[in-house]
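The values are calculated or read from the model by the stated rules, or taken from the named source; none is laboratory data. Remember, it's a predicted structure, so these values are computed and weren't measured experimentally. Here the Cβ is made from the backbone with ideal geometry for all residues, glycine too, and neighbour counts use every protein chain on show. The area values use the complete protein model at the heavy-atom level, side chains included, leaving out ligands, DNA and RNA. Shrake-Rupley method; radii C 1.70, N 1.55, O 1.52, S 1.80 Å.
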Amino acid sequence: MNDKVIACEQRAQLQNRAAARERLASLLRDAAAAPPPVRRATKPSRGAKKRCLAAKKRRGDTKRNRRASPDDQGVSDK
């Protein structure tokens, strides 16, 4: 990592030093912050699996009912 904090936004040296100090303080605060909590992997419950499979079955039935049956194909009611 870069070991220098440089600021040259201002024309005045003192203002640049203050900006560099603020930047250094910000870097130190970020480095000292606690890491985010670790995510634990969980499995879906038995009930959730059942509900998911039931919903999948309903979707499949709906799509199956939308299809024309082989008996109806090519036959017209005139």
Q) When the residues of the stretch 6-28 are filtered to those that are aliphatic (A, V, I, L, M) and assigned to a loop (DSSP other than H, G, I, E, B), which remaining residue is modelled with the lowest pLDDT? A) Ile6
Q: All but one of (1) under 35 Å from the mean Cα position of the chain (by Cα); (2) open to solvent by 80 Å² or more (accessible area, probe 1.4 Å) hold for Arg17, so report the exception by its number.
A: (1)
Q.
Go through the stretch 29-52 and report how many residues are assigned to a helix (DSSP H, G or I) and exposed (fewer than 10 other Cβ atoms within 10 Å of the Cβ).
A. 6
Q: Answer yes or no as to whether Asp3 is outside any loop (DSSP other than H, G, I, E, B) and open to solvent by 90 Å² or more (accessible area, probe 1.4 Å).
A: no
Q.
Take the residues in the stretch 53-74 that are acidic (Asp, Glu) and assigned to a loop (DSSP other than H, G, I, E, B); name whichever of them is surrounded by the fewest Cβ atoms within 10 Å (Cβ to Cβ).
A. Asp71
